[in-house]
Amino acid sequence: MQKLKPLFLVLLFLAQTAWAQTFYVSPQGNDGWSGIQPDGAGADNGGPFASLPQALQASRDWKQANPDKPAKIFLRQGTYYLDTTLDLFGVDSGLTLAAYPGESPVISGGRRITGWEKAGDHLWEAPVPEARNGTWDFRVLAVNGEWRPRARLPETGYFTHLSRFDVRWMSTTGGGWQVKPTQEQLTRLQYQPGDIEAWMDLNNAEVAVYHMWDMSMMKPVSIDSGTNTLIFAYPGEHPPGAFGISNYLVWNVKEGLKEPGQWYLDRTRGKVVYWPRPGEDMDKAVVMAPGPANLIRVSGYKDQPVSNISLENLTLTLANAPLNKGGVGSKDVEGAVQMSYTLNCSLAGLRFDDLAGWAVQAKGSDGLTVKDCRVVETGAGGIHAEGAGVVVSGNWVEKIGLIYPSGNAIDVEKGLGAQILRNTIKDCPYDGILNMSGNSLIGKNLIDSVMRELHDGGGIYSGFCQGVTIRGNWVMNVTNMGGYGSSAYYLDEQSTGCLEEDNLSVNVTRPSQNHMAHDNTLRHNFFIVEGDGQMDFARCKGYTLENNVIDAQGKFTFSAPAEGITSMPDNLIYCAQGQVTLKTLLDYNPQGTADFAPRDGTLLADPRLENPKPGVYGFAPGSPALKLGIAPLDDSDAGSSIPDPK
């Protein structure tokens, strides 16, 4: 019976597609055939096409004669290399582009680099003449199908620059900088003597300047050695030294080659230089770099969106990203799938890897669904969607922000009614989930090891919108980089009427961060803190904390203005080796610290937690939680059903 399963799936697939015109593409196909049969030429040359552009043209020709009927293109097993972006427009509305059932086709923007020769004791190099004349520039290299890191200085950690910008940030709502930075302040960085010398090839070097919640990827054009100043080709997002942050890195210089597996693109000589890993034979290695920035681009107009495009069960790899500063959230960087002005489109079961930019970058995309996709190793973020009614569910996003670390794993904005559900997010330099969509639901997501490079964010960040529900999520191991801090759950400016409920936070110093927000409720959350912990409510008012459990091994501090927390019914707070304190704030300024005085039924007592399996917390007999009516918490089902890519 098991042997019949593939045949059954194919028959089911054929039955489901009988009502639509279907075209097929195969590496064994021929663009002179009709594309209407999945295999072979057949007696009438009806076999599959060889190329995606030919299949797309055939579907357009058919749609022109049958405008009310859908078309489908199915890709057979193999790799389809794109020299240019596959563009979809209004004429393609209703198109499905998908893998043939049971197969795993790959769409790649990769170009193979050959002609490797040894260049010294351990380095190899190959010609890339287009890099010298500027017609091919890339920041991703894959060797035998695996991402390779670029050369960088310093080898680990960061350089510390000397630039300062001591101007007050007035908050985003308050208009940004109290005094606007000048062009000179935005384009200059003063480095410490010895960090950078005359050896640096300005044609190759790129400089990552870190700010608070974002960074700028900068192109140096000159060095003033008298003042130890780098001068950049364009202004950064903020001046170097803003917010008191002084970290920076230098990418893509020969001097940064410190270990096997690293590489850099020598634009001056038109060469790519690589230090092979042990056992790699460069005479046989398959070395690829990306060509087009977008593999698939869907482009409509505001009053005429492209509708009902479906991309299903495809692997997309090796998309490029032209150098720019990145912008807030790295949203100036484009995606392997780039969408603008679309309606009710769907991305399902896609696999993304080895990308210089985002996996998905969708703007003006109402009704977009991104589900069950796997995103691993991107230069910027994972999934960014702007529009009403966006659904992002069941995805696995890991190891993003490898070039532009201010990209978020999942970023949903500029609309109402988003649903961000059951995603797994791991190993990210900034936010796991960023939401700026009102009346949205963020539920049952699993987030592990985020905020590894930047500041002022968290596992789940929501701001500048109202009516958001954050329920049943599990956030753990959020790195505290200092500065404005990092948190598990963060309600930022203009958050109003929001609910955080049934969430779990483990090993996060700030389980809940709140800023310039009001009239929100935190109910039945379990905050497990392995050391000292804190909850902040700067410039907040009207909060209700109800039935929460805080279990800290060190001391725990609430920081809030007098009007910040108006009600605290039946919470349970415990510090195993410290005390619970309340720091009263006026604006951001502490006015005094005192022992926390429990009220409204809140108790300071050991909850006697039991943790029978990951994500589950109950109470031992006699726990004071039973008296308060606090129920156990089970978030063990949070996250995607996609198997771990490892």
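Only a single criterion out of (1) among the aliphatic types (A, V, I, L, M); (2) assigned to a loop (DSSP other than H, G, I, E, B); (3) modelled with pLDDT of 95 or more is not satisfied by Leu189, namely (2). Within segment 586-610, being touching a Lys or Arg at 6+ places or on another chain (Cβ under 9 Å) and surrounded by fewer than 16 Cβ atoms within 10 Å (Cβ to Cβ) holds for Asp587, Tyr588, Pro590, Gln591, Gly592, Thr593, Ala594.
The residues of segment 68-121 that are part of a strand (DSSP E or B), acidic (Asp, Glu) and in contact (Cβ under 8 Å) with a residue 24 or more places away in the chain amount to a single one, Asp87. Just so you know, in segment 140-167 the residues that are more than 26 Å from Met288 (Cβ to Cβ) and among the β-branched types (Val, Ile, Thr) include one that is surrounded by the most Cβ atoms within 10 Å (Cβ to Cβ), and it is Val167. Could you look through segment 108-142, keep only residues that are acidic (Asp, Glu) and more than 30 Å from Phe352 (Cβ to Cβ), and pick out the one that is modelled with the lowest pLDDT? Ranking the candidates gives Asp121 first. Considering segment 472-483, and only residues there that are crowded, with 19+ Cβ neighbours inside 10 Å and not polar (S, T, N, Q), the residue that is nearest to His211 (Cα to Cα) turns out to be Met481. Kindly evaluate Ser34 against the criterion of being outside any loop (DSSP other than H, G, I, E, B), of a type in the set (Ser, Thr, Tyr) and not assigned by TED's automatic domain parsing to the domain that holds Lys254. When the stated conditions are applied, Ser34 does not pass them. Just one of the listed residues (Lys613, Lys541, Lys583, Lys555) is surrounded by fewer than 20 Cβ atoms within 10 Å (Cβ to Cβ), of a type outside the set (A, V, I, L, M, F, W, C), within 26 Å of Ile460 (Cα to Cα) and touching a Cys at 6+ places or on another chain (Cβ under 8 Å), namely Lys555.
Of the residues making up segment 303-315, just one is closer than 15 Å to Gly94 by Cα, β-branched (Val, Ile, Thr) and assigned to a strand (DSSP E or B), namely Val306.
A Cβ distance below 7 Å, combined with a sequence gap of six or more or placement on separate chains, defines the contacts here; from segment 573-588, residues that are more than 29 Å from Ser171 (Cβ to Cβ) and assigned by TED's automatic domain parsing to the domain that holds Phe619 reach residues that are assigned to a loop (DSSP other than H, G, I, E, B) and basic (Lys, Arg) in the pairs Cys575/Lys555; Gly578/Lys555; Gln579/Lys555.
Could you figure out which of (1) in contact (Cβ under 8 Å) with a residue 40 or more places away in the chain; (2) surrounded by fewer than 24 Cβ atoms within 10 Å (Cβ to Cβ) isn't true of Tyr404? Tyr404 satisfies all of (1) in contact (Cβ under 8 Å) with a residue 40 or more places away in the chain; (2) surrounded by fewer than 24 Cβ atoms within 10 Å (Cβ to Cβ) except (2). Within segment 272-302, the set of residues being of a type outside the set (Val, Ile, Thr), crowded, with 20+ Cβ neighbours inside 10 Å and outside any loop (DSSP other than H, G, I, E, B) comprises Tyr274, Met288, Ala289, Pro290, Arg297.
For segment 71-91, enumerate the residues that are in contact with a Ser or Thr (Cβ under 7 Å, 6 or more places away or on another chain) and more than 19 Å from Asn30 (Cβ to Cβ). Correct list: Ala71, Lys72, Asp87, Phe89.
Of all the listed residues (Asp448, Asp411), the sole one being surrounded by fewer than 22 Cβ atoms within 10 Å (Cβ to Cβ), within 24 Å of Ile642 (Cα to Cα) and in the same structural domain as Pro511 (by TED's automatic domain parsing) is Asp448. Go through segment 335-367 and give me each residue that's more than 17 Å from the chain's Cα centre (by Cα) and of a type in the set (A, V, I, L, M). If the condition is that a residue be more than 17 Å from the chain's Cα centre (by Cα) and of a type in the set (A, V, I, L, M), then Leu343, Ala348 are the ones that fit.
So, of the residues in segment 43-61 that are in contact with a Phe, Trp or Tyr (Cβ under 8 Å, 6 or more places away or on another chain) and farther than 15 Å from Leu86 by Cα, which turns out to be surrounded by the fewest Cβ atoms within 10 Å (Cβ to Cβ)? For segment 43-61, the residue satisfying everything is Asn45. Criterion applied to Leu545, Leu585 was being in contact with a Gly (Cβ under 8 Å, 6 or more places away or on another chain), among the aliphatic types (A, V, I, L, M), within 23 Å of Asn480 (Cβ to Cβ) and in a strand (DSSP E or B), and the one residue passing it is Leu585.
Against the list (1) touching a residue at least 24 places away in the same chain (Cβ under 8 Å); (2) more than 32 Å from the chain's Cα centre (by Cα); (3) exposed (fewer than 15 other Cβ atoms within 10 Å of the Cβ); (4) over 30 Å from Lys254 (Cα atoms), the condition Tyr24 fails is (3). Return yes or no: is Val397 buried (at least 23 other Cβ atoms within 10 Å of the Cβ), modelled with pLDDT of 95 or more, touching a Cys at 6+ places or on another chain (Cβ under 9 Å) and on the phi < 0 side of the Ramachandran plot? For Val397, the condition - buried (at least 23 other Cβ atoms within 10 Å of the Cβ), modelled with pLDDT of 95 or more, touching a Cys at 6+ places or on another chain (Cβ under 9 Å) and on the phi < 0 side of the Ramachandran plot - is met. What pairs can you find where one residue is in segment 457-468 and outside the structural domain of Ile420 (by TED's automatic domain parsing) and of a type in the set (Val, Ile, Thr), the other is assigned to a strand (DSSP E or B) and at pLDDT below 95, and their Cβ atoms are less than 8 Å apart, with a gap of 6+ or different chains? Listed pairs, sorted by first residue: none to list.
The values are calculated or read from the model by the stated rules, or taken from the named source; none is laboratory data. As the structure is a prediction and not an experimental result, all values here were calculated from the model. Here the Cβ is made from the backbone with ideal geometry for all residues, glycine too, and neighbour counts use every protein chain on show.
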